[in-house]
Amino acid sequence: MPSAQLPLCPICPMSPIPRLRTVQITDEWEPRLQRFFEENPQYFFEVHGQPASPSAARETIQGEPPPGWSFAKKQVIGYVEADGSMAAVADVITDLLAPGVWHLGLFIVATARHGSGDAQAIMRGLESWAMENGARWLRLGVVKGNARAERFWESLGFQDARIREGVEIGRRKHSMRVMFKPLTGSTREQYLSLIDRDRPDDA
């Protein structure tokens, strides 16, 4: 479906890239999201150790945080070209574990766009949208040893909260860097006082 025919998404961030528009990824988008995952397998090989599973799109759309974790809303946001093809996807969970903490569960930009600056532009737009809607921190996890991803998040101002060992994802077991970024000048200690599970074991 050409993007001109896509429904407006008033609760999505505006795309900072003029040729893209944002859409809310819901169940009817599952085939197109699955195709995007299959056409851009790098993330899945690096993190899962295998291609995207046949249910990867459905799990992304319908999945929620672990039982007992408080949150306000989960939103999957697609960045779509004029011909309707997907250029990027972001999975955002608001108020995860504490008010004002927004978690980025997934962020994939099409491989062909790597090095173009699109990923940085999209993240700047996401940050601005999050701040405008009450976020005080962004939070995410990145696989330790995934050097490209680590450099990307560090370059955007994310800092380590803790290292979580033995995290099983797909066929692999990882050390995960839990990272966060203050958006409103808040301190590391203020963040850790809200999210005790992110406090380092030796703190």
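The values are calculated or read from the model by the stated rules, or taken from the named source; none is laboratory data. Just so it is clear, the model here is predicted, and its values are computed rather than measured. In this analysis, Cβ positions are derived from the backbone assuming ideal geometry, glycine residues included, and neighbour counts consider all displayed protein chains.
Matching residues to (1) under 13 Å from the mean Cα position of the chain (by Cα); (2) closer than 18 Å to V178 by Cα:
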site	(1), (2)
I61	yes, no
F71	no, yes
K74	yes, no
T94	yes, yes
L97	no, yes
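Against the condition surrounded by 18 or more Cβ atoms within 10 Å (Cβ to Cβ) and in a helix (DSSP H, G or I), how does A87 come out, does it pass?
Working: surrounded by 18 or more Cβ atoms within 10 Å (Cβ to Cβ): yes; in a helix (DSSP H, G or I): no.
Here the answer is no, as A87 does not meet what is asked.
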Regarding region 144-161, can at least one residue be identified that is more than 18 Å from the chain's Cα centre (by Cα) and modelled with pLDDT under 90?
yes
Within region 64-87, track down each residue that is in contact (Cβ under 8 Å) with a residue 40 or more places away in the chain and closer than 21 Å to A135 by Cβ.
Q75, V76, I77, G78, Y79
Hey, among A110, A135, A147, which residue is among the aliphatic types (A, V, I, L, M), under 30 Å from E81 (Cβ atoms) and surrounded by fewer than 20 Cβ atoms within 10 Å (Cβ to Cβ)?
A147
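Out of the helices (runs of 4 or more DSSP H) lying entirely within region 1-69, which hold 3 or more residues that are modelled with pLDDT of 90 or more, buried (at least 16 other Cβ atoms within 10 Å of the Cβ) and not hydrophobic (A, V, I, L, M, F, W, C)?
Values: elements: 30-39, 42-47, 56-62.
Here the list reads 30-39.
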Pairs only if they're at least six apart or on different chains, beta carbon under 7 angstrom, first in region 21-48 and closer than 18 Å to Q62 by Cβ, second at pLDDT 95 or above and of a type in the set (K, R); list them, first residue then second.
E30/R58
(1) modelled with pLDDT under 95; (2) surrounded by 14 or more Cβ atoms within 10 Å (Cβ to Cβ): which one isn't true of K173, the others all being true?
(2)
Residue within region 99-113 that is assigned to a strand (DSSP E or B) and among the polar types (S, T, N, Q) present
no
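Got a sec? Which strands (runs of 3 or more DSSP E) wholly within region 135-203 have at least 2 residues that are touching a residue at least 12 places away in the same chain (Cβ under 8 Å) and out of contact with any helix residue (DSSP H, G or I) (no Cβ under 8 Å at 6 or more places or on another chain)?
Those strands (runs of 3 or more DSSP E) span 159-169, 172-182.
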